[in-house]
1. Project the alpha carbons of region 60-205 onto their principal axes and report the range along each, largest first, in whole Å.
2. Taking the convex hull of the Cα atoms, report for the chain its projected area averaged over all directions, in nm².
3. Under 10 Å, Cα contacts only: if you run a Gaussian network model on the chain, which one of E155, E192, E147 comes out with the highest mean-square fluctuation?
4. Where is the GNM fluctuation largest for the chain (alpha-carbon springs, 10 angstrom cutoff): T150, T171, T131?
5. Contour minus end-to-end for V33 and E94, with contour as 0.36 nm per residue of separation and end-to-end as the Cα-Cα distance?
6. State the Kirkwood hydrodynamic radius of region 171-250 in Å, one decimal place, computed from all pairs of distinct Cα atoms.
7. What FRET efficiency do you get for T150 and I75 if R0 is 45 Å and r is their Cβ-Cβ distance, rounded to the nearest 0.05?
8. For the chain, set up a Gaussian network in which alpha carbons nearer than 10 Å are linked by springs, and say which option among N109, N135, N152 fluctuates the most.
Amino acid sequence: MLKKRIIPCLDIKDGTTVKGINFEGLRNAGDPVELAVKYEQEGADELVFLDITATIENRKTFADLVKQIARELSIPFTVGGGISSVEDVRILLEAGADKISINSSAVRNPQLIEELAGEFGSQCVVIAIDTRNVNGHDLVHIRGGREATTLNTVEWAKRTTSLGAGEILLTSMDGDGTKSGFDLRITRLVSENVQIPVIASGGAGKAEDFVKVFQETKATGALAASIFHFNEVPVSVLKQALKSQKIAVR
């Protein structure tokens, strides 16, 4: 059985780490390079870097900042934001990313998933799915959560898998930043309907939330931001809590 992964996330805006609630009301959370170093030292299994306004501002991800962070890391490093071509991915991999994450560009051009998997391998391609329940329907959102699509979340997850995605980063926009716990319903639905690893994201507030998402869904990883950034639950403490519940972690 795959050991569960604990993954801090650096949401980057204007070169600094930020965190909001339901994708809004951003506040400063610290220097991304310093945070990256801290998380690796605490025992994080991977790190995710999301340039959250790159798509909105119609620009590319900060490759120089990616390079600075990658230089300090030995754990797998996923980068997302503003990626829309094979060349964009090549630049980020050369800067030190191990995997890339795409959302809006994959929705607009699903063929891109196939292109990237063919060029760099499925293990490199993470599909970020920002989902919100709208009138009883789970809908994929793009452009940093600002734009709803008509895509059903589970169906889109299945389609990305068939196109060559290697992993899904599933963020519940309803839970994001609320610290009310991961959205177990949508995480369960997606993780039971695809054959690739699913990372749960959105809503983590305490160690118990991680225990629940691993015990009650097939998620293989869990991502959080503010509880790590503001030292509410250090990664090392979280891992001990998981081990005490007989959950296999790295």
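1. Sorted from largest, the Cα extents of region 60-205 read 42, 33, 27 Å.
2. Values: hull surface 46.4 nm².
Projected area, direction-averaged: 11.6 nm².
3. E147
4. It is T150.
5. 20.2 nm
6. Numbers: mean 1/r = 0.0799 Å⁻¹.
Final number for the Kirkwood radius of region 171-250 is 12.5 Å.
7. On the way: r = 37 Å, r/R0 = 0.82.
With R0 = 45 Å, the Cβ-Cβ based efficiency is 0.75.
8. N135
The values are calculated or read from the model by the stated rules, or taken from the named source; none is laboratory data. Every value quoted in this text rests on a predicted model; they were computed, and no experiment measured them. Ideal geometry is used to build each Cβ from the backbone, glycine not excepted, and the neighbour counts take in all protein chains shown. Heads up: the accessible areas ignore ligands, DNA and RNA and are worked out on the full protein's heavy atoms, side chains in. Shrake-Rupley method; radii C 1.70, N 1.55, O 1.52, S 1.80 Å.
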